[in-house]
Amino acid sequence: MADDPQTMEPDINSKLVGKAQGIYASASQSEIGFLMIFNFVFLEGKYNGSTLSLLGHNAILSGVREMPIVGGSRVFRFARGYAQARTHVFDPKTLTAVVEYDVYVSHY
C-alpha cells in the first residue's frame, strides 16, 4: 500500500502538489518487477481534486519504465496515455526511493 507525496521536483522538500495512492506487488519471477495500481491525486491549482489512474508493469531496475494511464476523474475524465518513471534515489537500507513520473495524457 502506498500514500506517497507528489512534489514539484524530485526532492521531498519540494512543494507538495498531490499524493500517489495505491498498491504495488511483486509480479515477476525473472526480474524485480511490480504490478502497479496507482491514483495520482492532485491537491493544487486547476487540477485540484482531479486524479489520473495508472495500471501496469514496473520493471524497477530499468532506467526508464513506461506504464499506461487508464483513466482519470474531474479534469482528467476519460484520460488515456502513459507515464514514464525514472528512479532518482534509492536507499536499500530503508527501501525508500524518489521516483520521477512524466505523464502524457489525452482527455476531455
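Descriptive notes on the structure:
- Virtual spin-label span in nm between residue 86 and residue 11, 7 Å along Cα→Cβ: 1.7 nm
- Nearest-10 value in Å² for the accessible area of residue 31, using the 1.4 Å probe: 90 Å²
- Of 86, 80, 65, the order by accessible heavy-atom surface (1.4 Å probe, DNA, RNA and ligands excluded), from most exposed downward, is 80, 86, 65.
- Total formal charge among the other residues, if their Cβ is under 11 angstrom from that of residue 59, Lys/Arg +1 and Asp/Glu -1: -1
- When 78, 38 are compared by accessible surface with a 1.4 Å probe, the order from highest to lowest is 78, 38.
- Highest mobility in the GNM of the chain, judged by mean-square fluctuation with C-alpha springs under 10 Å and restricted to 15, 46, 93, is found for 93.
- Taking all protein chains into account, the per residue accessible area for the chain stands at 65 Å² (1.4 Å probe).
- Protein heavy-atom surface of segment 2-106, 1.4 angstrom probe: 55% of the accessible area is carbon and sulfur, with nucleic acids and ligands not counted.
- Dipole of the chain, positive direction: furthest Cα of 5, 87, 18, with charges on the beta-carbon: 18
- 3J(HN,Hα) couplings calculated from phi for segment 57-70 with the Karplus curve 6.51 cos²θ - 1.76 cosθ + 1.60 (θ = phi - 60°) are, in sequence order, 8, 10, 7, 5, 8, 6, x, 10, 10, 10, 9, x, 9, 10 Hz; Gly and Pro show x.
The values are calculated or read from the model by the stated rules, or taken from the named source; none is laboratory data. None of these values were measured; they are calculated from a predicted model. Counting neighbours? That spans all protein chains shown, and the Cβs are built from the backbone with ideal geometry, glycine included. Remember, those area values only see protein heavy atoms, side chains included, never the ligands or the DNA or RNA. Shrake-Rupley method; radii C 1.70, N 1.55, O 1.52, S 1.80 Å.
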